[in-house]
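Read the figures in this text as sums done on the coordinates, not as results from a lab. Keep in mind it's a predicted model, so treat the numbers as computed, not measured. All Cβ positions, glycine included, derive from the backbone under ideal geometry; neighbour counts span all protein chains shown.
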Amino acid sequence: MDIYGFLLCSFLFLCIHFFLTKRKFNRKRLPPGPTGLPVLGSLLTIGNRPYESLSKLSKTYGPLMTVKFGMINVVIASSSDMAKEILQKNDQAFIGRPTPESVAAGKFYDMSMVWSSAHSLHWKKLRKICNSQLFTTQRLDSLQDLRILMMKKMIARLDEACEAKEQLHVGRLVFGTTLNFLSNTMFSGDLFDMKSDAMVELKELMGELMEFAVKPNVADFLPFLRPFDPQGIRRGITGLYDRVHRFLDAIIDQRIRHRASNDPSERFGDFLDVLLDQTEEHELSYTNIMILFMDLFVAGTHTTTATMEWVMAELLHNPPVLAKAKQELSKNIPPRAVVQEQNLPHLPFLDAVIKETLRLHPAAPLLLPHLTEQEVEIHGYTIPKHTQVFVNVWSILRDPDNWDDPTHFKPERFLNSEIDIRGRDCKFIPFGAGRRICPGSNLAIRMVNLMLANLVHNFEWKLPNGLKPEDVDMRGGFGIALQKYKPLVAIPLMVKAD
């Protein structure tokens, strides 16, 4: 049989499979949705910005709809009420995760707290450690001196840029600073320097890994393409995983040797020491620690970097808001002083600016996908077992039923507001909700507030090449992650002390 005959037979087989699958699912009363094309489903309709196109589809089909992503039935929740049904009221049914090809390429993906089932003992063990040991207020407070040290290094880097009148890619600056934040919190500051070979290697590895991780992969929705890896994502990311694993293994081995040859009083008290203390009590292996650090690095760098680039873009796009934030900082902090974490509770407008940025530009606009681990009924619709479910928080955070003038940047809406950012109110869930809410949200909020306060307080910012505030490109990028379509470039100017 020639190639054309083979392709024709393959297409006919897939069409028959499509219609048989459609008949099978139609026996259940699935939420409504577009019919879609054979094999491709609604992939062409969804396009490059799925959070936007799915929000538009929900205006036709309702806040709970079924959309075919290629050959996969996917249920989309687009309202706060439906998010509450999935993430809180029925979270036991939606507690699973599908495994994307980019994740399955890693050797130990089934050990990941992000991608393993929340019903598993392994997931419960890791979650307990995170909630009771790593991300407690006491633990985060104990490490704030390290974060202040990173702020001083960031300010020194920006002072050099001011002297050189350098144009900065804000995302790159924030990415490096975020990695420093995380590496100091996890491994302590003695291991890394902004310009050390280790830090440069880690920055390059995490940058390449993030490029692959957020790229939409057609093989996730057309399973017959998986063996062919048409976009090269599995091939490209497998080697990166191996390199990151070797890097983290070396860090853990170095710490084990340090602990063996030094008195316990000389321990660092960072995340790594905490986790090594848990290896016997919780039967935690060194591989478990390595994969947990992978999870924290990937999630932490993406969320923080994307949020910081968006918030700086919004401030440069809205000069009156930037001026108001600078005024609040000037009233509370001396000129050219490093903003400390204890100053943050006295900066309510700055906090409101960050919350409004998260509302308009959530780093994970569809959150991570959920997977039903049992058949469940919601509002008269039956969602079968093993169905993928996305919560479109981008749509929820711009819903006029929840927000006045929802498409405009208005930080004042969060002043004196009781809206909670930690998942209790499903109108505002940039970090998710329920038992699969991001465990590191408290650390992420601290990092973003501290970085933004120091960037705004210690420097003036202007746009390059004579650009005006209205020229700042505020479009979102392609894919499932909400990054800027056009990276933000700005020029820092030193603020002189009185």
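Taking every full run of DSSP H in the chain, the ones that stretch at least 27 Å from end to end by Cα along their long axis and average 1.0 or higher on the Kyte-Doolittle scale are 3-26.
Among the trypsin sites (Lys or Arg not before Pro) within segment 40-96, not one is in coil by DSSP while having at most 14 neighbouring Cβ atoms inside 10 Å. So if we plug the beta-carbon distance of His119 and Ala156 into 1/(1 + (r/R0)^6) with R0 = 35 Å, what FRET efficiency do we get, rounded to 0.05? The computed FRET efficiency comes out at 0.15. For the chain, the relative contact order is 23 percent, taking Cα pairs closer than 8 Å that sit 6 or more residues apart in sequence and dividing their mean separation by the residue count. Counted residue by residue at 0.36 nm each, then reduced by the alpha carbon distance between them, the extension gain from Arg435 to Ser265 reaches 57.6 nm.
For Phe221, no residue 5 or more places off, or on another chain, has a built amide H under 5 Å of its own. With a ≥ b ≥ c the root eigenvalues of the C-alpha gyration tensor of segment 238-377, is it rounded (a/c under 1.5), prolate (a/b larger than b/c) or oblate? Oblate shape, in that a/c is at least 1.5 and b/c is the bigger or equal ratio. Apply 1/(1 + (r/R0)^6) to the Cβ-Cβ distance of Arg243 and Ala323, taking R0 = 35 Å, and write down the FRET efficiency to the nearest 0.05. Working from the Cβ atoms, E equals 0.20. In a DSSP loop and with at most 13 other Cβ atoms within 10 Å, there are no chymotrypsin sites (Phe, Trp or Tyr not before Pro) in segment 111-195. Each of Val298, Leu284, Ser261 was placed along the dipole of segment 244-361 (beta-carbon charges, centred on the mean Cα), and the one lying farthest toward the positive end is Val298. Charge dipole of the chain (Cα centre as origin; +1 on each Lys and Arg Cβ, -1 on each Asp and Glu Cβ, all else neutral): 1340 debye, rounded to the nearest 20.
Each of Asp425 and Lys462 was given a label point 7 Å from its Cα along the Cα-to-Cβ line. The distance between the two points is 4.0 nm.
Backbone phi angles across segment 95-104, fed through the Karplus curve with coefficients 6.51, -1.76 and 1.60 (θ = phi - 60°), yield HN-Hα couplings of 8, x, 9, x, 10, x, 4, 5, 7, 4 Hz in residue order; Gly and Pro are listed as x.
Classify segment 31-494: rounded, prolate or oblate, from the alpha-carbon gyration tensor (a ≥ b ≥ c, eigenvalue square roots; a/c under 1.5 rounded; otherwise prolate if a/b is larger than b/c)? Since a/c reaches 1.5 but b/c is at least a/b, the shape of segment 31-494 is classed as oblate.
By definition, a body whose alpha carbon gyration tensor gives a ≥ b ≥ c is prolate when a/c is 1.5 or more and a/b is larger than b/c, and segment 397-498 fits this prolate description. Under 23 Å Cα-Cα from Lys128, which lysines qualify once same-chain neighbours fewer than 8 residues away are excluded? Output for Lys128: Lys89. Close amide H partners of Lys215, meaning residues 5 or more places away or on another chain with modelled amide H under 5 Å apart, do not exist here.
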